[in-house]
Amino acid sequence: MEIVRSHRQLAAAAAAGGGGGGAGALPTYRAAPQLEVRLEAFELFAIDRLRVLKGISDGLSRGKRPEEMEKLVSELWKTHMRHQDPAETLNKDIISHFVLRLVYCRTEELRKWFLSMETTLFRYRFRLESPESQRMLMTEFQLPYKALPHSEFEVVKDKLSQVARSIGQSANVESVFFKVPFEEVPDLVASRRVFISKGYAYVAMSQVVSLVVTQFRCNISKALVLTNRKWTATIKEQEKDRLTPIVEALSNAYFGPDYSQPKDAVEISLKDIDQLAKSSFPLCMRHMLDKLRENHHLKHGGRMQFGLFLKGAGLKLEDALAFWRAEFSQKVGSERFDKEYAYSIRHNYGKEGKRTDYTPYSCQKIISATPGVGDHHGCPYRHFGDENLRAALDKMGVSGHALEGIMDKVKNRHYQLACTLTFEATHGVSCDSGINHPNQYFSESQKVLRAKNQTVESQSAT
């Protein structure tokens, strides 16, 4: 794969850790394609695939059933991975995989997430392939299994029928089975969906996805390690001015609105902030407001995270200056505030320095922060201890089953979903899109509250 800008060419870093080709419409990603790829497509293709993987991650963390996941994967793929030129759809698929392989090879945590999501994507796409295409893919992976001979099939047929009935399938047993070491189909063994005898599992043709997926996962896992070595040894430095910034930004990418300007031209006033915090601020922002009121100070990270959130929520510059001055002057005095802190507030609103209109932080950026001693920014679902988080949620009115559901998501490191569940528990509505940004939380909360108020008013009028 070649990355090109104008007439310059570069062997793509994503070629690290390749392997063989791909069969049919579903590639196995064993080798990077021999294609020229423009730098713009390099990034855009990766972003589209990342939308698919993050949608899968959200579906899994919400506990969607297999049939729901199959529908979700199909919809995500159609929405984000179709190319305007149908002939280029396959190229986009392959290119985007290798770009994200480069993006997610860099740490153990990134590799683990990417491997899990790509394996899930492959599993459901494989299920949608025709039987002929599935057999081609088995050949592609060079799986050493042969169909069970008829004589042996007849010996175990009754056992296979019992297993079929136990999992709610027809007692008419499929005629094609593969005899494989049981450790190679752990998901089927764990769910008791196969007959096991003398260390071997009898896998039906309809279950062969488990065999293929196991091999796929193994291949991608090895390739990620090899890609990381190549990235660390040469690519990161060689491409520091071109690919490296793109690669390093993609793993924390946020694709929603930037909220640099208040949505729907909404404005909030100083007198409303405390009431809005109780009704519509996400936990991270409520916490910082509490600490600001308590200590009359926030460190730089907190001022940036909270200040830009207030800007995105609709707090005008003049009111922002008055808000921060009222608090900080109680600790450092008005003169020192004007001298040391006012400039950075005007800067965030694009009125100083390069006059950049700074955007509020997304959940992804907040989660990836590393607060130090005395800091109050970051994501409470990630950075709070269990006891403190429970107390904070209880203060928001979250308890019982809802609280335990949130804590379970936190335990499994689904921090944004934990925030989504908090929104649902405190507002009494579902949030299918998920919470991806503090200002999205605020905006959606205001919508819900306005709708409830309108309902009450209309009922009162009648």
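Values computed for the structure shown
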| read-out | value |
| --- | --- |
| Test result for Gln364, of a type in the set (S, T, N, Q), closer than 24 Å to Leu393 by Cβ and open to solvent by 10 Å² or more (accessible area, probe 1.4 Å) | yes |
| Complete set of residues in the stretch 180-192 that are outside any strand (DSSP E or B) and within 19 Å of Ala147 (Cβ to Cβ) | Phe182, Glu184, Val185, Leu188 |
| Conditions (1) out of contact with any strand residue (DSSP E or B) (no Cβ under 9 Å at 6 or more places or on another chain); (2) part of a helix (DSSP H, G or I); (3) of a type in the set (A, V, I, L, M, F, W, C): number failed by Leu211 | (1) |
| Condition met for Thr370 (open to solvent by 40 Å² or more (accessible area, probe 1.4 Å), assigned to a loop (DSSP other than H, G, I, E, B) and within 18 Å of Phe442 (Cα to Cα)) | no |
| Any chance Asn295 is closer than 30 Å to Val373 by Cβ, open to solvent by 40 Å² or more (accessible area, probe 1.4 Å), of a type outside the set (Phe, Trp, Tyr) and in contact (Cβ under 8 Å) with a residue 40 or more places away in the chain | no |
| Residue within the stretch 262-283 that is within 30 Å of Glu40 (Cα to Cα) and either open to solvent by 20 Å² or more (accessible area, probe 1.4 Å) or not assigned by the TED database to the domain that holds Cys105 (or both) present | yes |
| Scan of the stretch 301-347 for residues that are polar (S, T, N, Q) and either out of contact with any Gly (no Cβ under 9 Å at 6 or more places or on another chain) or without any contact (Cβ under 8 Å) to a residue 24 or more places away in the chain (or both), ordered by number | Ser329, Gln330, Ser334 |
| Where Ala233 falls short, out of the listed (1) open to solvent by 60 Å² or more (accessible area, probe 1.4 Å); (2) over 30 Å from Leu100 (Cα atoms) | (2) |
| Subset of the stretch 56-67 (residues that are in a helix (DSSP H, G or I) and either open to solvent by less than 20 Å² (accessible area, probe 1.4 Å) or over 19 Å from Tyr254 (Cβ atoms) (or both)) | Ile56, Gly59, Leu60, Ser61, Pro66, Glu67 |
| Residues (more than 14 Å from Leu148 (Cα to Cα) and touching a residue at least 60 places away in the same chain (Cβ under 8 Å)) located in the stretch 199-219 | Val209, Leu211, Val212, Val213, Gln215, Phe216, Arg217, Asn219 |
| Subset of the stretch 155-179 [open to solvent by 90 Å² or more (accessible area, probe 1.4 Å) and either modelled with pLDDT of 85 or more or outside any loop (DSSP other than H, G, I, E, B) (or both)] | Val155, Asp158, Lys159, Gln162, Arg165 |
| Hits in the stretch 198-210 (condition: open to solvent by less than 40 Å² (accessible area, probe 1.4 Å) and out of contact with any Phe, Trp or Tyr (no Cβ under 7 Å at 6 or more places or on another chain)) | Met205, Gln207, Ser210 |
| Unique match (being assigned to a helix (DSSP H, G or I), modelled with pLDDT of 95 or more and surrounded by fewer than 19 Cβ atoms within 10 Å (Cβ to Cβ)) among Asn388, Asn453 | Asn388 |
| Odd one out for Gly350, checked against (1) of a type in the set (Gly, Ala, Ser); (2) touching a helix residue (DSSP H, G or I) at 6+ places or on another chain (Cβ under 8 Å); (3) more than 30 Å from Ala425 (Cβ to Cβ) | (2) |
| Considering residues of the stretch 1-50 that are in a loop (DSSP other than H, G, I, E, B), modelled with pLDDT of 50 or more and of a type in the set (Gly, Ala, Ser) only, the residue most open to solvent (accessible area, probe 1.4 Å) | Ala25 |
| Filtered residues of the stretch 410-426 (kept if farther than 21 Å from Arg51 by Cβ and open to solvent by 10 Å² or more (accessible area, probe 1.4 Å)) | Val410, Lys411, Asn412, Leu421, Glu424, Ala425, Thr426 |
| Candidate set: the stretch 400-420, residues that are within 16 Å of the chain's Cα centre (by Cα) and among the hydrophobic types (A, V, I, L, M, F, W, C); chosen: the one farthest from Gly385 (Cα to Cα) | Leu417 |
| Any hit, the stretch 374-384, residues being assigned by the TED database to the domain that holds Leu292, open to solvent by 50 Å² or more (accessible area, probe 1.4 Å) and either assigned to a helix (DSSP H, G or I) or among the hydroxyl-bearing types (Ser, Thr, Tyr) (or both) | yes |
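Results for (1) open to solvent by less than 20 Å² (accessible area, probe 1.4 Å); (2) touching an Asp or Glu at 6+ places or on another chain (Cβ under 9 Å), shown as yes or no for each residue.
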position: Leu188; (1), (2): yes, no
position: Ile196; (1), (2): no, no
position: Val213; (1), (2): yes, yes
position: Leu226; (1), (2): no, no
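The values are calculated or read from the model by the stated rules, or taken from the named source; none is laboratory data. This one's a predicted model, so the numbers in the text were calculated from it and none came from an experiment. Methodologically, a virtual Cβ is constructed for each residue, glycine included, from the backbone with ideal geometry; neighbour enumeration extends over all protein chains shown. The accessibility values were calculated without ligands, DNA or RNA, using every heavy atom of the protein model including side chains. Shrake-Rupley method; radii C 1.70, N 1.55, O 1.52, S 1.80 Å.
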